[in-house]
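S.K.: Before I ask anything, let me first share the structure, which is written out below as structure tokens.
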Amino acid sequence: MLKKLIPWKSQNQPSSFRDQIMQLKSQEVPSHIAIIMDGNGRWAKKRSLPRVAGHHEGMKVVRKITSLANEIGVKTLTLYAFSTENWKRPKMEVDFLMKLPEEFLGTFLPELVKENVRVKMMGNTDKLPAHTLKAIEKAMNDTKENTGLVLNFALNYGSRVEILDAVKQVLNDVENGKLDKDSLSEETFSEYLMSSELQDPDLLIRTSGEIRLSNFMLWQLAYTEFFFTDVLWPDFSEEHFIEAIEVFQGRQRRYGGV
Ligand code: IPE
Ligand code: IPE
Ligand code: MG
């Protein structure tokens, strides 16, 4: 039976962090967790810092949550790092965001390799600066034999474009005789998406109090459990992550059944 939802903070006898993790692992752990990491700019503004300071702080949270997810036994962690709409931001901010993967991987790649994490990316690579792509490709290559958590960065990702591109490829394959129109199913269509090698997310977390998807994994989230929190991404802690998984464990997924 699934455990009743008990916010971790209000448990009468707060167990140690280790015990909490053991407790989590004794129940179903979401295999794929996707996170819309939002609120970096507001975090910085609250401290009278430039927005980019929030992005920098958020990077450290990525590191922490990756380790914990791996430890708990999550198979895939997809992180929305930059959307196809984020190019609308001031050039200075976009430039900073495009340097973050290098900084993140430059600092943490050796640790990720040691922790058996496999780095992947989902998004349109055409518009990414060469230096950004180079850092990601190196990380993907250095971790390609790793069998632990898949750390999947959604970078220059937009779900509508992803779906449109998939439709175009499907039409091409039908025209070329590679695909029989009548054999197109949900499963075969999924193979045309950027997430083709991944299962659909079990749990979606969005920080910062915004209750929307912002063009993120529209197809894949059809039956995902959602967890929204007001916490800004740079403040998102291991405890918050555990809380989200506990809430997930208290949910009943019915997929349209009874
Ligand atoms: C999320 O934080 C990071 C990215 C979208 C790159 P924001 O930069 O959107 O922070 P807010 O929403 O302005 O606070
Ligand atoms: C979504 O956040 C994109 C990422 C977290 C990378 P935004 O901050 O761009 O979303 P909106 O503009 O509030 O919908
Ligand atoms: Mg935002």
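The values are calculated or read from the model by the stated rules, or taken from the named source; none is laboratory data. All of these numbers come straight from a predicted model, not from anything done at the bench. Cβ atoms come from the backbone with ideal geometry, glycine included; neighbour counts cover every protein chain shown. Keep in mind that these areas ignore ligands, DNA and RNA; they rest on the heavy atoms of the full protein, side chains included. Shrake-Rupley method; radii C 1.70, N 1.55, O 1.52, S 1.80 Å.
S.K.: Which of the residues that make up the stretch 168-191 are open to solvent by 40 Å² or more (accessible area, probe 1.4 Å), farther than 27 Å from VAL119 by Cα and not charged (D, E, K, R)?
M.R.: LEU171, ASN172, VAL174, ASN176, GLY177, SER183, LEU184, SER185
One line per residue, one yes/no per condition, for (1) in contact (Cβ under 8 Å) with a residue 12 or more places away in the chain; (2) open to solvent by 10 Å² or more (accessible area, probe 1.4 Å); (3) under 20 Å from the mean Cα position of the chain (by Cα):
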| residue | (1), (2), (3) |
| --- | --- |
| SER16 | no, yes, no |
| ASP19 | no, yes, no |
| VAL29 | yes, yes, yes |
| LYS45 | no, yes, no |
| SER48 | no, yes, no |
| GLY54 | yes, no, yes |
| MET59 | yes, yes, yes |
| ILE65 | yes, no, yes |
| TRP87 | yes, yes, yes |
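S.K.: Which condition does GLU103 not pass, out of (1) surrounded by 18 or more Cβ atoms within 10 Å (Cβ to Cβ); (2) within 21 Å of ASP235 (Cβ to Cβ), if it passes all the others?
M.R.: (1)
S.K.: Tally time: how many residues in the stretch 215-258 are in contact with a strand residue (DSSP E or B) (Cβ under 6 Å, 6 or more places away or on another chain) and open to solvent by 50 Å² or more (accessible area, probe 1.4 Å)?
M.R.: Count: 3.
S.K.: Quickly run through the stretch 174-202 and pick out the residues that are in a helix (DSSP H, G or I) and either of a type in the set (S, T, N, Q) or modelled with pLDDT under 95 (or both).
M.R.: SER183, THR188, SER190
S.K.: Does GLU162 fit the bill of being modelled with pLDDT of 95 or more and under 18 Å from ILE33 (Cα atoms)?
M.R.: For GLU162, the condition - modelled with pLDDT of 95 or more and under 18 Å from ILE33 (Cα atoms) - is not met.
S.K.: Still on this model: So which residues in the stretch 192-211 are surrounded by 13 or more Cβ atoms within 10 Å (Cβ to Cβ), more than 15 Å from ligand 1 (Cβ to nearest atom) and either without any contact (Cβ under 8 Å) to a residue 60 or more places away in the chain or on the phi > 0 side of the Ramachandran plot (or both), if there are any at all?
M.R.: Within the stretch 192-211, TYR192, LEU193 meet the criteria.
S.K.: Okay, moving on. Give the residue, chosen from GLY73, GLY39, that is at pLDDT 95 or above, within 29 Å of GLU162 (Cα to Cα) and away from ligand 1 (no atom under 11 Å from the Cβ).
M.R.: That would be GLY73, the only listed residue that is at pLDDT 95 or above, within 29 Å of GLU162 (Cα to Cα) and away from ligand 1 (no atom under 11 Å from the Cβ).
S.K.: Among the candidates THR147, THR132, THR143, single out the residue that is of a type in the set (Ser, Thr, Tyr) and in contact with a Lys or Arg (Cβ under 6 Å, 6 or more places away or on another chain).
M.R.: THR143
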